[in-house]
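Here the structure is laid out as structure tokens; the discussion comes afterwards.
Just so it is clear, none of the values below were taken in a lab; they were calculated from the coordinates. Computed from a predicted model, the values in this text were never measured in an experiment. We place every Cβ from the backbone using ideal geometry, glycine too, and count neighbours over all the protein chains shown.
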Amino acid sequence: MKTYISGKDKHIRTIKKPVHDTIKIYLDGEKTEKYSVNYSTGEIAFMKPPAKGTIITASFEFDVPVRFDTDYLNASIDNYGSNSWNNIPLVEVK
């Protein structure tokens, strides 16, 4: 999970699509390699459960699945062979 904090507001995002080879796991601030990752669910399984009270932190990149939010994309032809879209509305797939 990733927590975003802005002033008094807090948003927690469940990570389901971690990027391969970007995950680093720390137990009480010490990096560990003794875990496996399910890249389809974002779940991490430790080879040996951490001791009670251990602080677990992680560093990683993740993808957010999205889809187009419209059936029509308004494209413009700027020059020969050059097209652009001013706005492509996307919606997160949950």
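Measuring nothing but how far apart in sequence close Cα pairs (under 8 Å, 6+ apart) lie, relative to its length, the range 2-92 scores a relative contact order of 24 percent.
Loop-located chymotrypsin sites (Phe, Trp or Tyr not before Pro) in the range 1-83 (DSSP state other than H, G, I, E, B) with a sparse environment of at most 10 neighbouring Cβ atoms within 10 Å: TYR72, TYR80. A convex hull fitted around the alpha carbon atoms of the chain yields 184 Å³ per residue.
If you find the alpha carbon centre of the range 78-94 and of the range 23-73, how far apart are they in angstrom? Result: 31 Å between the Cα centres. Modelled spin-label separation between PHE68 and HIS11, with each label point placed 7 Å from Cα along the Cα-to-Cβ direction: 2.5 nm.
Annotation: amide H of LYS17 within the under-5 Å range of ASP63, sequence separation 5 or more or interchain, hydrogens built in the peptide plane.
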